[in-house]
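The values are calculated or read from the model by the stated rules, or taken from the named source; none is laboratory data. Everything numeric in this text was worked out from a predicted model, so none of it was measured. Cβ coordinates were reconstructed from backbone atoms using ideal geometry, including for glycine residues, and neighbour counts include every protein chain displayed. Side chains included, ligands, DNA and RNA excluded: accessible areas come from the protein's heavy atoms. Shrake-Rupley method; radii C 1.70, N 1.55, O 1.52, S 1.80 Å.
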Amino acid sequence: LIYDSFAQYLVTEKGYDKDLLTLNPESFDFCCKGLALDLEDGNFLKLAEDGTVLRASHGTRSMTSEEILEIYGRREWKHFSTVSGMLSRSAKYYLYDNYFDLPGALLCARVVDTLDQHDGQKKYDFWKDMVAAIQHNYKITAFKENCGTYFPEVKSHPDKYLQRCPDSVKKWLKQLKNAGKILLLITSSHSDYCRLLCEYILGNDFEEYFDVVITNALKPGFFSHTPNQRPFRTLENDEEQEALLSLDKPGWYSQGNAIHLYELLKKMTGKLDPKVVYFGDSMHSDIFPAHHYSNWETVFILEELLGDKVMVPAETEFEPLEKKGKYEGYQPKTPYSISKQWGSFFVDRLPGLENAEETLVRTWSCKCISTYSTIAIPSLEAIADLPLDYRFTRFSSNSSATAGYYPSPPRALLPSEESVTMK
């Protein structure tokens with residue numbers, strides 16, 4: 001649906017090739033989190049932790065090792081210092097780091113393919129049209145005006161696009177609340193769309209699960225902006241009202257900033273430095289800014305962990321059953337599938353070296369996980385059955401780059417003899 005909503009706009013409003021509208025399901029193999037799109041060259045890149053290029057494609061066409069070495073060499077990609085600083089985005093590249101964005105990556109790659117066919121271009125200028133397509137489909141009034149392809153379709157067929165929240169997770173949210181925790185929902189979606197999602201996913205009583213709901217939060221700006229740059233606003237009939245000078249009580253708000261929110265949390269908890277644990281699935285919008293600007297604990301929801309047969313770590317073999325999360329030793333019914341074109345999210349071989357076994361390196365995406373998240377889990381369901389006082393091993397608590405993965409590290413990161421025994 002996301003692919004279609006952007007493609008429809010490019011074809012009907014901007015005159016792009018009609019071929020973009022027909023999509024072969026196999027082409028979704030192209031979608032892989034952690035890719036950088038070089039907007040001028042039309043190249044997609046998978047980066048190593050030191051910024052060198054591990055794999056690349058021009059449009060959807062994979063580049064050979066020789067091409068990669070010829071164009072990029074064994075040195076840091078030219079935009080890597082801005083990318084790895086995470087603080088600024090540039091008009092020169094775009095990072096694809098969550099599933100909501102990824103269909104757009106496939107569309108951009110196919111746009112490059114069609115432009116090459118027609119014009120044989122060297123520099124590309126399609127990004128402004130892509131931004132217009134995103135604006136058209138997701139602007140704040142689009143839900144109310146039924147504009148674009150995306151919202152009208154989700155409104156008509158929520159069952160086709162949304163999965164209901166598992167009972168175990170609902171129970172866990174209630175347990176947290178009953179244990180005196182304050183629960184927040186912070187989303188960049190506007191209030192009308194958020195309500196549709198939450199009513200379908202959690203039920204009509206969804207507001208009872210949360211003390212504070214913040215919509216149109218415009219992350220990562222929610223964390224990086226000061227209160228006067230991004231004040232909280234109240235809502236009436238999903239219309240934003242006047243700016244608030246501070247946040248005085250729990251409720252439903254729009255926009256806002258982490259500084260005022262933290263002041264409210266101090267008031268609600270009666271503590272000088274209440275601890276916040278923030279769950280998110282985007283490194284750029286959730287995990288990095290919550291860690292960097294607010295110093296919150298961060299739990300990265302990483303569906304790539306489902307690509308592995310999940311093993312029980314040896315030391316937990318003898319724990320009583322109720323201590324184990326139900327994902328330990330559990331094989332998911334639909335394992336997350338790894339992109340054939342891009343390979344593992346976590347590691348890859350350096351291009352053009354013969355003794356490839358010896359040269360596995362971590363990806364930049366993988367390095368960010370252990371740098372900015374406290375722990376990483378495949379889903380909320382994976383921890384919902386654990387006791388609330390369960391002690392997780394953090395990434396930072398020892399030097400191991402795999403310590404914080406729960407229930408176990410991805411197979412690709414284990415030493416090769418361990419991964420052989422797990423196949």
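Between Ala91, Ala105, Ala109, Ala56, which is aliphatic (A, V, I, L, M), closer than 30 Å to Ser5 by Cα and open to solvent by 40 Å² or more (accessible area, probe 1.4 Å)?
Unique residue meeting the criteria: Ala91.
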Check on Arg61, out of contact with any strand residue (DSSP E or B) (no Cβ under 6 Å at 6 or more places or on another chain) and modelled with pLDDT under 95: no
I'd like the residue in the stretch 178-195 that is farther than 24 Å from Thr269 by Cα and open to solvent by less than 40 Å² (accessible area, probe 1.4 Å) and, out of all such residues, is farthest from the chain's Cα centre (by Cα). Asp192
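Checking the condition crowded, with 19+ Cβ neighbours inside 10 Å, out of contact with any strand residue (DSSP E or B) (no Cβ under 7 Å at 6 or more places or on another chain) and among the polar types (S, T, N, Q), which residue from Asn228, Asn237, Asn216, Asn257 passes?
The conditions single out Asn257.
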Take Lys340 and decide whether it is at pLDDT below 50, open to solvent by 70 Å² or more (accessible area, probe 1.4 Å) and assigned to a loop (DSSP other than H, G, I, E, B). no
Residue list for the stretch 62-77, filter: loosely packed, with under 13 Cβ neighbours inside 10 Å and either closer than 21 Å to Leu10 by Cβ or without any contact (Cβ under 8 Å) to a residue 40 or more places away in the chain (or both): Thr64, Glu70, Gly73, Arg75
From the list Ala56, Ala36, which residue is small (Gly, Ala, Ser), part of a strand (DSSP E or B) and without any contact (Cβ under 8 Å) to a residue 40 or more places away in the chain? Ala56
Regarding the stretch 373-392, can at least one residue be identified that is surrounded by fewer than 17 Cβ atoms within 10 Å (Cβ to Cβ), modelled with pLDDT under 90 and either more than 30 Å from Gly59 (Cα to Cα) or in contact with a Ser or Thr (Cβ under 6 Å, 6 or more places away or on another chain) (or both)? no
Those residues that are of a type in the set (Lys, Arg) and assigned to a loop (DSSP other than H, G, I, E, B), I need them from the stretch 230-259; list them, please. Arg230, Lys249
